[in-house]
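Asker: Take a look at this one; I'll ask things after.
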Amino acid sequence: MVKIVSVPRINALGKIGPEKMSEAVLGEVGLDFEKISVDNENIAKDERIVFEGARKVFSKGEVACFVGGDHSITYPIFSAFVEKNKERFLIVFDAHADCMPAMKEPTHEEFLRGVIEENFVEPENVVLIGVRKIEKEEGVFLREKGIKVFGEIYDVEAVADYVTEKAMGKDVYVSVDIDVLDPAFAPGVNYSEPNGLSSKELFYLLKRVFAIRGMKCLDVVEVCVDKDEKYDFRTVKVAAKIVSDFVRVS
């Protein structure tokens, strides 16, 4: 059984929107969930609250699904994941590298660099999928650390084969920033990038990833509900399907 947790936290340098995501997405899913309550006013306090909430979930050994919020939630959740899982493997679906120099409480632009610099996961156990926007200093960091990056994808089956083979025997955490999709499939985001994955490609990859024996945790982030309204909540529905598929197979 999967523990579903709402995390409406944002730390995006003043950019708002994804704080409404969990309510909309989980309303679409229609399953029971718990909520980690934050006020999005005190960054350090909210960081601790999310960490402790995730720690409580992982302490029970439960497979978990966290629904954001923006990508800043991944840092405290993964920090808690570290305590119970020793052979960690992190798969990130995202249009952006999120490897800018990290602040004390990493924002949605820095969470991955923070996770790596804190030694929460070995760089060789990190895979980025769907990245199309990499700043110069992020590119330097990724190359120095030897992190595997799949940008525009031409052979989705080969990517799935690589990831599942590398993740074999490890404790797998998957983070899905919905802007990994092309804007045609997920228009309700704050930072859309062209030439993204199609829904078919993403769901094929997730089907393969979710079947990994060591799959322990999923987070889904970065739906901007207000922007999505004029698209008949297309992005909300895609995120809800990701959550539903994970719950169904786990």
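Asker: Note down the relative contact order for segment 1-145 as a percent, whole number, built from C-alpha pairs under 8 angstrom at least six residues apart.
Answerer: It rounds to 25 percent for segment 1-145.
Asker: Rounded to the nearest 20 debye, what is the charge dipole size of segment 134-200 about its Cα centre when +1 sits on each Lys and Arg Cβ and -1 on each Asp and Glu Cβ?
Answerer: The calculated dipole for segment 134-200 is roughly 180 debye.
Asker: Next question. Keeping the other protein chains in place, figure out the carbon and sulfur percent of the accessible area of segment 149-240, with a 1.4 Å probe.
Answerer: For segment 149-240, the apolar C and S fraction of the accessible surface comes to 51 percent.
Asker: Across the Cα atoms of the chain, what radius of gyration and what greatest pairwise Cα-Cα distance (Dmax) are found, in Å?
Answerer: In order Rg, Dmax, the Cα atoms of the chain give 16.1, 44 Å.
Asker: Heavy atoms only, 1.4 Å probe, whole protein assembly: order Met103, Met1 by accessible area, highest first.
Answerer: From most exposed to least exposed: Met1, Met103.
Asker: Could you size up the charge dipole of segment 174-250 around its Cα centre, putting +1 on the beta carbon of Lys and Arg and -1 on that of Asp and Glu, and report it in debye to the nearest 20?
Answerer: 540 debye
Asker: Let me ask something else about it. Calculated FRET efficiency, Asp39 and Met103, Cβ-Cβ r, R0 22 Å, to nearest 0.05?
Answerer: Once rounded, the FRET efficiency stands at 0.70.
Asker: Considering only Val131, Thr164, Gly151, whose Cα is most displaced toward the positive end of the charge dipole of the chain, charges sitting on Cβ of Lys, Arg (+1) and Asp, Glu (-1)?
Answerer: Positive-most Cα among the choices belongs to Thr164.
Asker: Report the charge-dipole magnitude of the chain in Debye, nearest 20, computed about the Cα centre from +1 at each Lys and Arg Cβ and -1 at each Asp and Glu Cβ.
Answerer: Here the size comes out at about 700 debye.
Asker: Still on this model: For Val131, what accessible area in Å² do you get when you roll a 1.4 Å probe over the heavy atoms of the protein chains, rounding to the nearest 10?
Answerer: So the heavy atoms of Val131 present about 10 Å² to solvent.
Asker: What full-extension length gain, to one decimal in nm, is calculated for Glu52 and Glu135 as 0.36 nm per residue of separation minus the Cα-Cα distance?
Answerer: So the extension gain works out to 26.7 nm.
Asker: Take Tyr154, project a point 7 Å from its Cα along the Cβ direction, then tell me which residues of segment 186-200 have their backbone nitrogen under 17 Å from it.
Answerer: Correct set: 195-198.
Asker: Among the lysines, select those whose C-alpha is under 25 Å from the C-alpha of Lys230, and discard any that sit fewer than 8 residues away in the same chain.
Answerer: Partners within reach: Lys15, Lys20, Lys200, Lys241.
Asker: Quick one: order Phe111, Phe150 from most to least accessible surface, probe 1.4 Å.
Answerer: Phe150, Phe111
Asker: Okay, moving on. Which entries in the list Lys104/Lys145; Lys3/Lys170; Lys86/Lys145; Lys148/Lys237 go over 25 Å, if you measure between the two C-alpha atoms of each?
Answerer: Correct reply: Lys148/Lys237.
Asker: Turning to a different aspect of this structure: When N is the residue count of segment 193-236, what does its C-alpha Rg come to as a fraction of 2.2 N^0.38 Å?
Answerer: My calculation over the Cα atoms of segment 193-236 gives 1.44.
Asker: Quick one: with all protein chains in place, what share of the accessible area of segment 70-137 is carbon or sulfur, to the nearest percent (1.4 Å probe)?
Answerer: Summing carbon and sulfur atoms, their accessible area is 43 percent of the total for segment 70-137.
Asker: How many nm separate the modelled label positions at Glu28 and Arg248, each set 7 Å beyond the Cα in the direction of the Cβ?
Answerer: Going by the 7 Å Cα→Cβ label model, 1.5 nm.
Asker: Using 0.36 nm per residue of separation minus the Cα-Cα distance, give me the extension gain between Glu124 and Lys60 in nm, one decimal.
Answerer: 20.2 nm
Asker: Could I ask something else about it? What accessible area per residue, rounded to a whole number of Å², is obtained for the chain using a probe radius of 1.4 Å?
Answerer: Accessible area per residue, the chain: 44 Å².
Asker: To continue, here is another question. Express in nm, to one decimal, how much length is gained between Glu117 and Asn195 on full extension, taking 0.36 nm for each residue of separation and deducting their alpha carbon distance.
Answerer: 25.1 nm
The values are calculated or read from the model by the stated rules, or taken from the named source; none is laboratory data. As the structure is a prediction and not an experimental result, all values here were calculated from the model. Cβ sites come from the backbone with ideal geometry, for glycine too, and all protein chains shown count toward neighbours. Quick note on the areas: whole protein, heavy atoms, side chains included, nothing else; ligands and nucleic acids left out. Shrake-Rupley method; radii C 1.70, N 1.55, O 1.52, S 1.80 Å.
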